[in-house]
1. (1) surrounded by 14 or more Cβ atoms within 10 Å (Cβ to Cβ); (2) farther than 23 Å from Ser138 by Cα; (3) touching a helix residue (DSSP H, G or I) at 6+ places or on another chain (Cβ under 8 Å): which one isn't true of Ile44, the others all being true?
2. Can you name the condition, by its number, that Ser14 falls short on among (1) assigned to a helix (DSSP H, G or I); (2) touching a helix residue (DSSP H, G or I) at 6+ places or on another chain (Cβ under 8 Å); (3) without any contact (Cβ under 8 Å) to a residue 60 or more places away in the chain?
3. Residues of the range 47-83 being assigned to a loop (DSSP other than H, G, I, E, B) and under 23 Å from Pro111 (Cβ atoms), which ones?
4. Name every residue in the range 118-133 that is modelled with pLDDT under 95 and not hydrophobic (A, V, I, L, M, F, W, C), in order of residue number.
5. Looking at Asp85, Asp135, which is the one that is on the phi < 0 side of the Ramachandran plot, over 14 Å from the mean Cα position of the chain (by Cα) and buried (at least 16 other Cβ atoms within 10 Å of the Cβ)?
6. Consider only pairs whose beta carbons are under 6 Å apart and that are at least six residues apart or on different chains; among these, list those whose first residue lies in the range 45-60 and is within 24 Å of Ile119 (Cα to Cα) and whose second residue is of a type in the set (Lys, Arg) and buried (at least 20 other Cβ atoms within 10 Å of the Cβ).
7. Out of (1) part of a loop (DSSP other than H, G, I, E, B); (2) modelled with pLDDT of 95 or more, the odd one out for Ser104 is which?
Amino acid sequence: MFPLEFHLTAVPLSLQASGASKERWKGMVAQAARQRAEETVEFIWLDDTPVAVTIFYFPTAPMAGDIDNIVKPILDALNGQAYTDDRLVECVVSQKFEPEAAWSFGSPSAPLTAALDAISAADEPQPVVYIRIDDDLSWRTQA
């Protein structure tokens with residue numbers, strides 16, 4: 001099942017969002033993870049494997065809030081979809097790529113390429129959240 005990569009064309013909600021809107025956002029993340037998992041593997045099972053989560057946010061304008069505020073709702077939404085409990089998340093990488101900053105990816109995966117394509121697929125740029133869950137334990141080895 002890993003890596004599990006997907007994206008949403010949406011503005012991520014933060015910890016400060018209202019209860020109902022935060023629950024809708026978490027439902028969208030959970031559904032996107034579930035759908036991508038079903039597309040990539042025939043049989044899905046969750047165990048207690050430690051994982052790393054990468055969250056890239058591509059806003060259409062400078063981000064008003066802090067990048068760390070979008071992490072917890074996403075991790076909570078992935079409970080029962082990508083892992084049994086978010087206590088299994090050992091490493092989180094979150095980054096924003098604002099439109100005025102110069103950035104590029106050398107060799108993006110196909111799902112990341114799809115996320116990058118979604119940014120400019122419409123007449124107007126769209127906000128995109130790319131999420132990758134991986135069970136590669138290389139983050140445990142520090143150089």
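The values are calculated or read from the model by the stated rules, or taken from the named source; none is laboratory data. These numbers come from a predicted model, not from an experiment. When we count neighbours, we look across all protein chains shown, and the Cβ atoms used for this are built from the backbone with ideal geometry, even at glycine.
1. Every condition holds for Ile44 apart from (1).
2. (1)
3. To start, the set of residues in the range 47-83 that are assigned to a loop (DSSP other than H, G, I, E, B) comprises 47-50, 59-66, 78, 80-82.
Scanning the range 47-83 gives Asp47, Thr49, Pro50, Pro59, Thr60, Met63, Leu78, Gly80, Gln81, Ala82.
4. Here is the first cut: in the range 118-133, the residues modelled with pLDDT under 95 are 118-126.
Passing the criteria: Ser120, Asp123, Glu124, Pro125, Gln126.
5. Details: Asp85 fails: buried (at least 16 other Cβ atoms within 10 Å of the Cβ).
Going through Asp85, Asp135 in turn, just one is on the phi < 0 side of the Ramachandran plot, over 14 Å from the mean Cα position of the chain (by Cα) and buried (at least 16 other Cβ atoms within 10 Å of the Cβ): Asp135.
6. Thr54/Arg132
7. Only one criterion is unmet by Ser104, namely (2).
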